[in-house]
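As C-alpha coordinates, the structure follows; a few thoughts come after it.
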Amino acid sequence: MLKGVHFLLTYKCTSRCDHCFVFGAPDAPGTFTLAQIRRALDDLTGLGTIEGVFFEGGEPFLFYPILLEGVSLAAQKGFKAGIVTNGYWATSPEDAEAWLAPLCQAGLSSLCVSDDPLHYGEQEPSPAQNALVAARALGVGVSELRTEPPSVGQGEGGEPAVTGGVMFRGRAAETLAPSLPTRPCGRFAECPHENLADPGRVHADAYGNVHLCQGLLMGNMWRTPFAELVAGYDPDAHPIVGPLLRGGPTALAEQYGVAHAVEYVDACQFCYEVRRALRDRFPECLGPPQVYGAPE
Ligand code: SF4
(Lines give C-alpha, C1' and ligand atoms only; values in the text may rest on other atoms or scores of the structure.)
Protein backbone atom coordinates (compact mmCIF):
# COMPACT_ATOMS: atom_id res chain seq x y z
CA MET A 1 0.00 0.00 0.00
CA LEU A 2 1.28 3.45 -0.89
CA LYS A 3 2.11 5.26 2.35
CA GLY A 4 4.76 7.79 1.37
CA VAL A 5 5.43 10.31 -1.38
CA HIS A 6 8.81 11.92 -1.85
CA PHE A 7 8.62 15.21 -3.69
CA LEU A 8 11.70 15.86 -5.80
CA LEU A 9 11.24 19.54 -4.96
CA THR A 10 13.96 20.35 -7.46
CA TYR A 11 16.53 18.51 -9.54
CA LYS A 12 18.88 21.44 -8.89
CA CYS A 13 21.66 20.70 -6.42
CA THR A 14 24.76 22.32 -4.94
CA SER A 15 26.74 19.28 -6.07
CA ARG A 16 27.05 17.05 -9.11
CA CYS A 17 27.73 13.77 -7.30
CA ASP A 18 28.97 10.79 -9.25
CA HIS A 19 26.53 8.51 -7.42
CA CYS A 20 23.39 10.64 -7.92
CA PHE A 21 20.42 8.61 -9.25
CA VAL A 22 18.70 11.63 -10.81
CA PHE A 23 21.60 13.60 -12.32
CA GLY A 24 21.16 16.40 -9.77
CA ALA A 25 23.34 19.40 -10.67
CA PRO A 26 23.59 23.19 -10.12
CA ASP A 27 22.06 23.83 -13.57
CA ALA A 28 19.43 21.07 -13.57
CA PRO A 29 15.89 22.24 -14.47
CA GLY A 30 12.68 20.97 -12.90
CA THR A 31 11.51 22.71 -9.69
CA PHE A 32 8.02 22.57 -8.14
CA THR A 33 5.99 25.75 -7.89
CA LEU A 34 3.83 26.34 -4.82
CA ALA A 35 0.71 25.91 -6.95
CA GLN A 36 1.97 22.48 -8.04
CA ILE A 37 2.72 21.45 -4.45
CA ARG A 38 -0.77 22.51 -3.34
CA ARG A 39 -2.34 20.58 -6.19
CA ALA A 40 -0.31 17.43 -5.51
CA LEU A 41 -1.01 17.54 -1.75
CA ASP A 42 -4.74 17.96 -2.42
CA ASP A 43 -4.64 14.88 -4.67
CA LEU A 44 -2.74 12.88 -2.04
CA THR A 45 -5.33 13.70 0.59
CA GLY A 46 -7.95 12.05 -1.61
CA LEU A 47 -5.92 8.85 -1.66
CA GLY A 48 -6.51 8.19 2.05
CA THR A 49 -3.41 5.98 2.58
CA ILE A 50 -0.56 8.49 2.67
CA GLU A 51 1.10 8.93 6.05
CA GLY A 52 4.29 10.79 5.20
CA VAL A 53 5.52 13.32 2.67
CA PHE A 54 9.21 14.05 2.12
CA PHE A 55 10.84 16.94 0.32
CA GLU A 56 14.11 16.09 -1.36
CA GLY A 57 15.92 16.66 -4.61
CA GLY A 58 18.36 17.68 -5.86
CA GLU A 59 18.82 19.88 -2.81
CA PRO A 60 15.51 21.19 -1.43
CA PHE A 61 17.08 23.93 0.74
CA LEU A 62 18.04 25.76 -2.48
CA PHE A 63 14.36 26.77 -2.63
CA TYR A 64 13.96 27.47 1.09
CA PRO A 65 10.76 29.59 1.02
CA ILE A 66 9.02 26.99 -1.13
CA LEU A 67 10.31 24.19 1.08
CA LEU A 68 9.03 25.99 4.18
CA GLU A 69 5.58 26.50 2.70
CA GLY A 70 5.54 22.90 1.41
CA VAL A 71 6.28 21.52 4.88
CA SER A 72 3.60 23.75 6.37
CA LEU A 73 0.99 22.71 3.79
CA ALA A 74 1.83 19.02 4.23
CA ALA A 75 1.59 19.27 8.03
CA GLN A 76 -1.73 21.12 7.78
CA LYS A 77 -3.04 18.22 5.70
CA GLY A 78 -2.08 15.81 8.50
CA PHE A 79 0.94 14.26 6.77
CA LYS A 80 4.21 13.68 8.61
CA ALA A 81 6.59 16.02 6.80
CA GLY A 82 10.25 15.15 6.33
CA ILE A 83 13.20 16.56 4.41
CA VAL A 84 16.20 14.85 2.82
CA THR A 85 19.18 17.20 2.38
CA ASN A 86 22.93 17.25 1.98
CA GLY A 87 23.10 19.89 4.75
CA TYR A 88 25.22 22.37 2.72
CA TRP A 89 23.44 25.24 4.48
CA ALA A 90 24.55 24.23 7.99
CA THR A 91 27.66 26.38 8.34
CA SER A 92 27.57 26.00 12.17
CA PRO A 93 25.17 24.35 14.63
CA GLU A 94 23.83 27.76 15.67
CA ASP A 95 23.22 28.84 12.06
CA ALA A 96 21.69 25.48 11.29
CA GLU A 97 19.18 26.03 14.09
CA ALA A 98 18.26 29.35 12.47
CA TRP A 99 17.49 27.52 9.21
CA LEU A 100 15.60 24.71 10.92
CA ALA A 101 13.56 26.56 13.56
CA PRO A 102 10.98 27.98 11.09
CA LEU A 103 10.64 24.53 9.52
CA CYS A 104 9.99 23.05 12.97
CA GLN A 105 7.33 25.67 13.62
CA ALA A 106 5.80 24.75 10.27
CA GLY A 107 5.51 21.10 11.39
CA LEU A 108 8.71 19.35 10.29
CA SER A 109 8.83 15.82 11.73
CA SER A 110 12.11 14.43 10.45
CA LEU A 111 15.36 15.39 8.78
CA CYS A 112 17.53 12.95 6.86
CA VAL A 113 21.03 14.24 6.08
CA SER A 114 23.59 12.84 3.66
CA ASP A 115 26.83 12.72 5.61
CA ASP A 116 29.52 10.72 3.85
CA PRO A 117 32.85 11.00 2.05
CA LEU A 118 31.06 11.15 -1.31
CA HIS A 119 29.61 14.53 -0.27
CA TYR A 120 32.20 15.95 2.12
CA GLY A 121 35.44 14.02 1.79
CA GLU A 122 37.30 14.16 5.09
CA GLN A 123 35.82 17.53 6.19
CA GLU A 124 35.32 17.57 10.02
CA PRO A 125 32.82 18.57 11.18
CA SER A 126 30.91 18.38 7.94
CA PRO A 127 27.97 20.76 7.42
CA ALA A 128 25.82 17.63 7.61
CA GLN A 129 27.01 17.04 11.19
CA ASN A 130 26.12 20.64 12.09
CA ALA A 131 22.65 20.04 10.67
CA LEU A 132 22.21 16.87 12.71
CA VAL A 133 23.32 18.59 15.94
CA ALA A 134 20.87 21.43 15.36
CA ALA A 135 17.98 19.12 14.45
CA ARG A 136 18.52 17.04 17.59
CA ALA A 137 18.59 20.23 19.71
CA LEU A 138 15.25 21.24 18.19
CA GLY A 139 13.71 17.82 18.84
CA VAL A 140 13.39 16.84 15.18
CA GLY A 141 13.74 13.14 14.35
CA VAL A 142 17.04 12.68 12.49
CA SER A 143 18.69 10.05 10.35
CA GLU A 144 21.96 9.93 8.46
CA LEU A 145 22.26 8.77 4.89
CA ARG A 146 25.70 7.30 4.50
CA THR A 147 27.04 5.93 1.22
CA GLU A 148 30.69 5.00 0.98
CA PRO A 149 32.67 5.32 -2.26
CA PRO A 150 32.59 1.97 -4.04
CA SER A 151 35.55 -0.31 -3.39
CA VAL A 152 36.34 -3.88 -4.29
CA GLY A 153 36.20 -6.57 -1.60
CA GLN A 154 35.74 -10.31 -1.66
CA GLY A 155 32.34 -11.87 -2.22
CA GLU A 156 30.99 -15.41 -1.99
CA GLY A 157 33.36 -18.00 -3.45
CA GLY A 158 36.23 -15.52 -3.42
CA GLU A 159 35.00 -13.53 -6.44
CA PRO A 160 35.50 -9.73 -6.37
CA ALA A 161 32.50 -7.89 -4.89
CA VAL A 162 31.73 -4.17 -4.91
CA THR A 163 31.12 -2.68 -1.45
CA GLY A 164 30.00 0.77 -0.32
CA GLY A 165 26.25 0.77 -0.92
CA VAL A 166 26.10 2.70 -4.21
CA MET A 167 23.39 1.45 -6.56
CA PHE A 168 24.57 1.87 -10.12
CA ARG A 169 21.68 3.68 -11.72
CA GLY A 170 21.51 7.25 -13.01
CA ARG A 171 24.85 9.04 -13.05
CA ALA A 172 26.46 6.26 -10.98
CA ALA A 173 25.88 3.81 -13.84
CA GLU A 174 27.77 6.11 -16.19
CA THR A 175 30.57 7.47 -14.03
CA LEU A 176 31.37 4.92 -11.29
CA ALA A 177 30.42 1.55 -12.78
CA PRO A 178 32.88 1.41 -15.70
CA SER A 179 35.93 0.91 -13.43
CA LEU A 180 34.38 -1.81 -11.24
CA PRO A 181 34.27 -5.61 -11.49
CA THR A 182 31.27 -7.08 -13.25
CA ARG A 183 29.21 -10.28 -13.10
CA PRO A 184 27.38 -12.16 -15.88
CA CYS A 185 24.11 -10.44 -16.72
CA GLY A 186 22.12 -13.69 -16.37
CA ARG A 187 22.54 -13.37 -12.61
CA PHE A 188 20.34 -10.29 -12.55
CA ALA A 189 16.94 -11.95 -12.73
CA GLU A 190 15.13 -9.77 -10.21
CA CYS A 191 14.92 -6.19 -8.95
CA PRO A 192 16.71 -6.30 -5.60
CA HIS A 193 15.66 -2.96 -4.15
CA GLU A 194 12.15 -1.79 -5.05
CA ASN A 195 8.77 -3.35 -4.29
CA LEU A 196 7.43 -2.77 -7.79
CA ALA A 197 4.43 -5.06 -7.25
CA ASP A 198 3.11 -3.07 -4.30
CA PRO A 199 5.08 0.15 -3.84
CA GLY A 200 5.10 1.64 -0.36
CA ARG A 201 6.50 4.95 -1.56
CA VAL A 202 6.99 6.81 -4.81
CA HIS A 203 8.84 9.91 -5.90
CA ALA A 204 7.12 12.78 -7.70
CA ASP A 205 8.73 15.57 -9.73
CA ALA A 206 7.66 18.97 -10.99
CA TYR A 207 6.95 17.58 -14.47
CA GLY A 208 4.25 15.42 -12.85
CA ASN A 209 6.21 12.19 -13.16
CA VAL A 210 5.49 9.63 -10.45
CA HIS A 211 8.59 7.43 -10.15
CA LEU A 212 8.51 3.82 -8.93
CA CYS A 213 12.29 3.83 -9.17
CA GLN A 214 14.20 6.83 -10.44
CA GLY A 215 13.26 7.18 -14.13
CA LEU A 216 10.73 4.30 -14.07
CA LEU A 217 7.27 5.87 -14.04
CA MET A 218 3.88 4.84 -12.71
CA GLY A 219 2.43 7.72 -14.73
CA ASN A 220 1.97 11.48 -14.70
CA MET A 221 0.01 13.15 -11.90
CA TRP A 222 -0.66 16.31 -13.95
CA ARG A 223 -2.43 14.21 -16.58
CA THR A 224 -4.10 11.67 -14.27
CA PRO A 225 -5.13 12.52 -10.70
CA PHE A 226 -2.95 10.74 -8.15
CA ALA A 227 -5.73 8.56 -6.72
CA GLU A 228 -6.71 7.41 -10.22
CA LEU A 229 -3.08 6.73 -11.09
CA VAL A 230 -2.59 4.55 -8.01
CA ALA A 231 -5.93 2.74 -8.40
CA GLY A 232 -5.15 2.03 -12.07
CA TYR A 233 -1.60 0.78 -11.50
CA ASP A 234 -1.36 -2.79 -12.78
CA PRO A 235 2.26 -3.91 -12.28
CA ASP A 236 1.97 -7.01 -14.48
CA ALA A 237 0.50 -5.00 -17.36
CA HIS A 238 3.05 -2.16 -17.08
CA PRO A 239 5.36 -2.50 -20.12
CA ILE A 240 8.54 -2.14 -18.04
CA VAL A 241 7.50 -3.31 -14.56
CA GLY A 242 5.84 -6.47 -15.92
CA PRO A 243 9.07 -7.92 -17.36
CA LEU A 244 11.07 -6.73 -14.33
CA LEU A 245 8.72 -8.66 -12.05
CA ARG A 246 8.91 -11.74 -14.22
CA GLY A 247 12.70 -11.88 -14.42
CA GLY A 248 14.49 -8.64 -13.58
CA PRO A 249 16.60 -6.70 -16.07
CA THR A 250 17.41 -9.95 -17.88
CA ALA A 251 13.74 -10.47 -18.75
CA LEU A 252 13.30 -6.79 -19.65
CA ALA A 253 16.15 -6.94 -22.19
CA GLU A 254 14.87 -10.23 -23.61
CA GLN A 255 11.27 -9.06 -23.91
CA TYR A 256 12.19 -6.14 -26.17
CA GLY A 257 15.32 -7.58 -27.82
CA VAL A 258 17.60 -4.91 -26.37
CA ALA A 259 21.27 -5.43 -27.26
CA HIS A 260 23.37 -5.32 -24.10
CA ALA A 261 26.74 -6.13 -22.56
CA VAL A 262 27.43 -9.62 -21.22
CA GLU A 263 28.34 -8.41 -17.73
CA TYR A 264 27.31 -5.59 -15.38
CA VAL A 265 28.33 -4.37 -11.93
CA ASP A 266 24.84 -4.87 -10.48
CA ALA A 267 21.19 -5.34 -11.43
CA CYS A 268 20.58 -1.59 -11.39
CA GLN A 269 23.28 -0.83 -13.97
CA PHE A 270 21.81 -3.49 -16.27
CA CYS A 271 18.25 -2.24 -15.64
CA TYR A 272 19.21 1.41 -16.12
CA GLU A 273 21.01 0.74 -19.42
CA VAL A 274 18.16 -1.36 -20.83
CA ARG A 275 15.62 1.26 -19.75
CA ARG A 276 17.70 4.02 -21.34
CA ALA A 277 17.69 2.10 -24.61
CA LEU A 278 13.88 1.80 -24.41
CA ARG A 279 13.17 5.45 -23.63
CA ASP A 280 12.01 6.47 -27.10
CA ARG A 281 9.73 3.46 -27.29
CA PHE A 282 8.09 4.00 -23.88
CA PRO A 283 8.32 7.74 -23.13
CA GLU A 284 5.27 7.54 -20.83
CA CYS A 285 7.01 4.97 -18.64
CA LEU A 286 10.64 6.11 -18.80
CA GLY A 287 11.60 9.69 -18.02
CA PRO A 288 12.20 12.52 -17.67
CA PRO A 289 15.10 12.64 -20.16
CA GLN A 290 17.40 14.39 -17.65
CA VAL A 291 17.22 11.37 -15.30
CA TYR A 292 18.82 9.42 -18.14
CA GLY A 293 21.55 12.01 -18.57
CA ALA A 294 19.86 13.66 -21.58
CA PRO A 295 18.89 17.33 -21.85
CA GLU A 296 15.25 18.03 -20.94
S1 SF4 B 1 16.76 -3.17 -10.66
FE2 SF4 B 1 15.90 -1.45 -11.81
S3 SF4 B 1 13.90 -1.01 -10.89
FE4 SF4 B 1 15.08 -2.30 -9.45
S5 SF4 B 1 16.08 -0.82 -8.05
FE6 SF4 B 1 17.56 -1.31 -9.67
S7 SF4 B 1 17.24 0.30 -11.24
FE8 SF4 B 1 15.43 0.31 -9.89
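For this structure, a couple of remarks:
- Odd one out for VAL202, checked against (1) within 12 Å of the ligand (Cβ to nearest atom); (2) under 19 Å from the mean Cα position of the chain (by Cα); (3) surrounded by 20 or more Cβ atoms within 10 Å (Cβ to Cβ): (1)
- Against the test of being at pLDDT below 95, not in a loop (DSSP other than H, G, I, E, B) and not hydroxyl-bearing (Ser, Thr, Tyr), the options ALA251, ALA227, ALA294 yield a single qualifying residue, ALA227.
- The condition of being in a strand (DSSP E or B) and outside the structural domain of ARG38 (by TED's automatic domain parsing) holds for only one of VAL166, VAL162, that being VAL162.
- Test: residue in segment 217-224 that is at positive phi and either surrounded by fewer than 23 Cβ atoms within 10 Å (Cβ to Cβ) or part of a strand (DSSP E or B) (or both): yes
- Members of segment 274-295 that are closer than 15 Å to GLN255 by Cβ, among the basic types (Lys, Arg) and free of Cβ contacts under 8 Å to residues at least 40 places away in the same chain: ARG281
- Selection of first residues in segment 194-216 that are at negative phi and of second residues that are more than 13 Å from the ligand (Cβ to nearest atom) and among the acidic types (Asp, Glu), restricted to Cβ pairs under 9 Å at least 6 apart or on distinct chains, gives the following pairs, ordered by first then second residue: ALA197/ASP236; HIS203/GLU56; TYR207/GLU296; HIS211/ASP205.
- The number of residues in segment 109-147 that are exposed (fewer than 15 other Cβ atoms within 10 Å of the Cβ), in a helix (DSSP H, G or I) and not charged (D, E, K, R) comes to 2.
- Taking strands (runs of 3 or more DSSP E) as the structural unit, those lying wholly within segment 1-95 and holding at least 2 residues that are in contact (Cβ under 8 Å) with a residue 24 or more places away in the chain and farther than 20 Å from ARG223 by Cα correspond to 52-56, 80-85.
- Checking every residue in segment 238-251 against the condition of being without any contact (Cβ under 8 Å) to a residue 40 or more places away in the chain and either more than 16 Å from ASN195 (Cα to Cα) or polar (S, T, N, Q) (or both) gives zero matches.
- Some residue of segment 176-186 being in the same structural domain as PHE270 (by TED's automatic domain parsing), under 21 Å from the mean Cα position of the chain (by Cα) and either modelled with pLDDT under 95 or at positive phi (or both): yes
- Any hit, segment 213-223, residues being under 30 Å from GLY153 (Cβ atoms) and more than 18 Å from the chain's Cα centre (by Cα): no
- Residue count for segment 255-274 under the criterion of being within 15 Å of the ligand (Cβ to nearest atom) and more than 23 Å from the chain's Cα centre (by Cα): the result is 4.
- Test for VAL202: is it β-branched (Val, Ile, Thr), modelled with pLDDT of 85 or more and closer than 28 Å to GLN36 by Cα: yes
- Of all residues making up segment 206-228, the number that are in contact with a Pro (Cβ under 7 Å, 6 or more places away or on another chain) and within 16 Å of the ligand (Cβ to nearest atom): 2
- Here segment 254-287 is the region considered, the condition is being among the aromatic types (Phe, Trp, Tyr) and not in a helix (DSSP H, G or I), and the residue that is surrounded by the fewest Cβ atoms within 10 Å (Cβ to Cβ) is PHE282.
The values are calculated or read from the model by the stated rules, or taken from the named source; none is laboratory data. No experiment lies behind these values; they were computed from the predicted model shown. Positions of Cβ are backbone-derived with ideal geometry, glycine not excepted, and every protein chain shown enters the neighbour counts.
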